[in-house]
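Presented below is the structure to which this report refers.
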Amino acid sequence: MPNEQYLQHEKYPDIFKPLDLGFTTLKNRILMGSMHTGMEEASDGFEKMATYFGRRAQGGVGLIVTGGFSPNIEGCGADNLAKLTTKEEMEKHKIITSEVHRNKGKIAMQILHTGRYGFHDKIVSASAVQAPINFFTPRELTSDEVEKQIDDFANCASLAKEAGYDGVEIMGSEGYFINQFIAKATNHRTDKWGGSFENRTRLPVEIIKRVRDRTGEDFIIIYRLSMIDLVKDGSTWDEVIELALKAEAAGVTIINTGIGWHEARVPTIAGMVPRAAFTWVTSKLMGKVNVPLITSNRINTPEVAQQIVASGQADMISMARPFLADPDFVKKAMENRSDEINTCIGCNQACLDHIFEGKSCSCLVNPLACRETEFDLSAASTPKRIAVVGAGPAGLSFSVYAAQKGHDITLFDAASDIGGLLNLAVKIPGKEEFHETLRYFRRELELLRVKVVLNKKVTVSDLILCRDAFPTGSSSSTDTSGKTDSSAFDEIVIATGVMPRVPELQGVDNPKVISYVDAINNCHKIGRSVAVVGAGGIGFDVATLLTHEGESSSLDTDLYLKEWGIDDKYLNPGGLLAGDEGNLSKNNQIKSSDRTVYLMQRKATKVGATLGKTTGWIHRALLKKRGVIMLNDVNYEKIDEKGLHIVRDGKKEVLNVDNIIICAGQESLLTLVHDLQSSHLFTDNVDANGKKIRYHIIGGAYKAGELDAKKAIEQGVRLACDL
């Protein structure tokens, strides 16, 4: 790691400038934001968290904030979720703080009371107002019970300090317990904890004061302030300023930016949200208080972070998921290797979706995240020469991680570029971040000197005879000059992916019928009326592309704010346009598409039910506003010149459309596998005696289904670790 004093950095001078907090100094302006991972409750979770956080401290981040720990039982997010209430619980945390400090890092623990968002029957809140995303109704606390909650926060902070944490973050945003007292929407009290704004903010102010009293002056207290609620009857901007001043006076060290409540019908961190889309909110508060301000949400590159701090929009940058994607984010930026950063794409598929499904958190682009103790990427004892056929997500992942272990990799693909079906994903509005994933893999292949041979449809003969016919470092070679090596490859990895499945449907060969691959690649040639057969993730992507016009709002903050009814003038409580409750209501500027699009599925379940937990509602809302007609429980009869004949609710109907796009699943591309199986020189037997070349099948070639980069990349990593 470069000099700990961090002399002025040539490319990113402002984010690598130390931040003096008086009693301590942060070595840079990058904070690893809080994120629940599921390790908090695992039997060996504290050991795993020590490795996980220690690895990020080693990567150079200025300050880490843990996932949330509740100050009491009623504040837990669900039964048996993490809390810090006793000395016995406190002792477990010491392994985390010791490992972070050993790696010259600083770490704060987040204190999170979920209030009415908790999924158990003990939840409490300011008032007995049920959350729209919960089926439990909270019990309204008495005034004495509110006092007890405050003491529990102070006790939790005191235990955190004893455990060795450098500070705590008090979660006062995202619609959680403290936020529920602040906002009129959820606080209907008439005692000293409700009514006036002074009364409604008494809770956060008292919590900060008592935490400061219990922890002393040499302890970092971050207050996570909800700077824009994005719900009806949320805080006004003047109230946000007033609470920030109260928090400063009460003793906070830093104020962090919270954006939106969990129940808000506005996307705030998904990939279709522009980078740094909410930094303008933090910027409005700059200069109003004297403590440093942290900005957050969809900041995923050092270039964006540098621009924000350099322009005075914030003092510090919070990034959570980017440190799942790459623990060395800061180190690489410091060493002018930002082109090597594995960038967070905001997909939520392996992080937030996993948490809401009760699974452990990880990362689509970095399956090692939160599983650092599960993977062995140490150098291979016997490096092998391995051919990888297919440069989609699975083949790329395997090639990179196997090369890191010291194996000699030759990567083949029949296409003219790497990426496979990722090259379709980048064409979908809202998924442009996949460009970063492709950039990362290209750079890694180059650095690891993986031989990349494009425009080459591999045969069994190639795998037997032509292993060394392709020059080292080639990025697009099709050299088959005849140079051969009888020693061939030691192992073969088949990652040939999938092809669109053609359903058994009369008339499916009609010229009106188009595969989703052709539809995405030639969207401009699609007619004005379209039937999309299949409403999984691919069907939604196709419908999104077909109904999109102009600039993608994921690349234009002003357009995004207008689309989702966000008031950038902040004239109304909650930061929404007048009369707007989010969810693409009447005040936005999205127009219905000029195309008529039917999005259909055979299943009787809700269209889009299989989409991601945290992003599915966004896709459904967007297509609904654009006028997409979503039909479930559809039986497809035939296709002819009249159109698509369907039966629904016992009634026959003909959709007179220009095109029918088939999004009815995939089939594995296994031609090469069949050829290998026919040859006596190859085997998939793990007990092979060495006389045959062993082959492995990963990704879509192993199991076709919905296009799933998450599974493909993870399979590649796991196989690399096993060889």
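Candidates F219, F197: the one that is of a type in the set (A, V, I, L, M, F, W, C) and surrounded by fewer than 18 Cβ atoms within 10 Å (Cβ to Cβ) is F197. Of all residues in segment 294-343, those that are surrounded by 19 or more Cβ atoms within 10 Å (Cβ to Cβ), over 23 Å from G54 (Cβ atoms) and over 20 Å from the mean Cα position of the chain (by Cα) total 6. Scanning segment 531-546 for residues that are closer than 23 Å to K642 by Cα and part of a loop (DSSP other than H, G, I, E, B) yields G534, A535. Within segment 335-370, the set of residues being in a helix (DSSP H, G or I), of a type outside the set (V, I, T) and more than 15 Å from T301 (Cα to Cα) comprises L352, D353, H354, F356. Scanning segment 552-572 for residues that are buried (at least 19 other Cβ atoms within 10 Å of the Cβ) and in a helix (DSSP H, G or I), we see that the one that is nearest to the chain's Cα centre (by Cα) is S554.
In the set (1) among the aromatic types (F, W, Y); (2) under 20 Å from L571 (Cα atoms); (3) touching a His at 6+ places or on another chain (Cβ under 6 Å), W237 fails one condition alone, (3). When you scan segment 159-174, do you find a residue that is in the same structural domain as T257 (by TED's automatic domain parsing), over 31 Å from the mean Cα position of the chain (by Cα), surrounded by 17 or more Cβ atoms within 10 Å (Cβ to Cβ) and farther than 30 Å from L576 by Cα, even just one? Within segment 159-174, one or more residues are in the same structural domain as T257 (by TED's automatic domain parsing), over 31 Å from the mean Cα position of the chain (by Cα), surrounded by 17 or more Cβ atoms within 10 Å (Cβ to Cβ) and farther than 30 Å from L576 by Cα.
Taking the conditions exactly as written (touching a helix residue (DSSP H, G or I) at 6+ places or on another chain (Cβ under 7 Å) and not assigned by TED's automatic domain parsing to the domain that holds A247), does C344 satisfy them or not? No: the conditions fail for C344. Please name all residue pairs, on different chains or six or more residues apart, with Cβ atoms under 7 Å, provided the first residue is in segment 537-557 and is under 18 Å from A519 (Cα atoms) and the second residue is at pLDDT 95 or above and surrounded by fewer than 17 Cβ atoms within 10 Å (Cβ to Cβ). Short answer, once both residue conditions are applied: L545/K427. Residues satisfying the criterion are absent from segment 45-67 (criterion: on the phi > 0 side of the Ramachandran plot and surrounded by fewer than 19 Cβ atoms within 10 Å (Cβ to Cβ)).
The set of residues from segment 528-566 being touching a Ser or Thr at 6+ places or on another chain (Cβ under 8 Å) and aliphatic (A, V, I, L, M) comprises V530, L546, L559.
Six or more apart or on different chains, Cβ under 7 Å: which pairs go from a residue in segment 193-205 that's within 18 Å of I221 (Cα to Cα) to one that's among the basic types (K, R)? Could you list them? Listed by first residue and then by second, the contacts come to T201/K246; R202/K192; V205/K246.
The lone criterion from (1) in a loop (DSSP other than H, G, I, E, B); (2) of a type in the set (S, T, N, Q); (3) farther than 30 Å from T615 by Cα; (4) in contact with a Lys or Arg (Cβ under 9 Å, 6 or more places away or on another chain) left unmet by T190 is number (4). Take P367 and tell me if it is within 21 Å of the chain's Cα centre (by Cα), over 26 Å from A488 (Cβ atoms), assigned by TED's automatic domain parsing to the domain that holds I713 and not small (G, A, S). Criteria not met by P367.
Going by what's in this entry, would S235 be described as in a loop (DSSP other than H, G, I, E, B) and farther than 30 Å from K11 by Cβ? Answer is yes for this residue.
Residue pairs whose Cβ atoms lie under 7 Å apart, sitting 6 or more positions apart in sequence or on different chains, and linking a residue in segment 147-167 that is within 17 Å of A57 (Cβ to Cβ) and among the aliphatic types (A, V, I, L, M) to a partner that is part of a helix (DSSP H, G or I) and at pLDDT 95 or above, are A163/M90; A163/H93; A163/K94; A163/T97.
The values are calculated or read from the model by the stated rules, or taken from the named source; none is laboratory data. Computed from a prediction, not measured in an experiment: that's the story for all the values here. All Cβ positions, glycine included, derive from the backbone under ideal geometry; neighbour counts span all protein chains shown.
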